[in-house]
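Peer 1: Can you keep this structure in mind? I'll have questions shortly.
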Amino acid sequence: VSASSPATSDYLSFDGSVWAPVQLDVESEVKTTLNAPGTAPLYATRAWVRFVGNDPATRVGGNIASVTRSTTGTYSIVMTNPPQSTNYTAIGTAFINLGAGVLSGMVTINALGPATVGIYTRNAAGTLYDPAQVCLIVVGQ
């Protein structure tokens, strides 16, 4: 078995009596499976986290080493294995549970480092606050 390029792979197929080479277009198969046709490249989620604003140790996620709250509404998220380049973005949301309803807040990215994302969380009035939950994903190379 050998790889001829990142997008294709050569495999051997056995029909019961003869081995024959078969070339598979792996990139095309992945794009079809993900319903993402065309020539634009695919970028995967590199890390994700959901945490409680006033207790960031209470969290779930993937590829996250730590979440630290330095002061009200100010957090630092450290990835276990950062993307290969700093050409990535982070997207977040925050919300407060209000009994029967949910009020959304705003997440502002204040730093994108090699392994760290710094964020602020603000309520509708623009004041820094610790939301009930903060969600963040990192997408890029």
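The values are calculated or read from the model by the stated rules, or taken from the named source; none is laboratory data. All figures in this text were calculated on a predicted structure; none of them were measured in a lab. All Cβ positions, even for glycine, are placed from backbone atoms using ideal geometry, and neighbour counts span all protein chains on display. Just so you know, the surface numbers come from the protein's heavy atoms only, side chains and all, with ligands and any DNA or RNA stripped out. Shrake-Rupley method; radii C 1.70, N 1.55, O 1.52, S 1.80 Å.
Peer 1: So what does the Cα-only Debye profile of segment 21-70 read at q = 0.16, 0.32 Å⁻¹, as log10 I(q)/I(0), no solvent term?
Peer 2: Listed by q, the Debye log ratios stand at -0.64, -1.19.
Peer 1: How large is Rg over Rh for segment 27-138, taking Rg from the Cα atoms and Rh as the Kirkwood inverse mean of 1/r across Cα pairs?
Peer 2: Numbers: Rg = 15.8 Å, Rh = 15.0 Å.
Value, to two decimals: 1.05.
Peer 1: Let me ask something else. Write down the accessible area per residue of segment 18-116 in Å², having rolled a 1.4 Å probe over the full set of protein chains.
Peer 2: Working: 6290 Å² over 99 residues.
I get 64 Å² per residue for segment 18-116.
Peer 1: Separate question: Treating only the Cβ of Lys, Arg, Asp and Glu as charged (+1, +1, -1, -1), what charge dipole size does the chain show about its Cα centre? Round to the nearest 20 debye. Walk me through the numbers on the way to the answer.
Peer 2: Numbers: 6 positive and 7 negative charges, 139 e Å.
Magnitude of the dipole: close to 660 debye.
Peer 1: Follow-up question, since we're still on this one. Please list 46-55, 130-139, 76-85, 29-38 highest first by mean number of surrounding beta-carbon atoms within 10 Å per residue. Walk me through the numbers before you get to the answer.
Peer 2: Working: 46-55: 18.2, 130-139: 19.9, 76-85: 16.1, 29-38: 10.0.
Those peptides, ordered most packed to least, come out 130-139, 46-55, 76-85, 29-38.
Peer 1: Something else: For the pair ALA115/THR58, report the inter-label distance in nm, with labels modelled 7 Å from Cα in the Cβ direction.
Peer 2: Going by the 7 Å Cα→Cβ label model, 2.8 nm.
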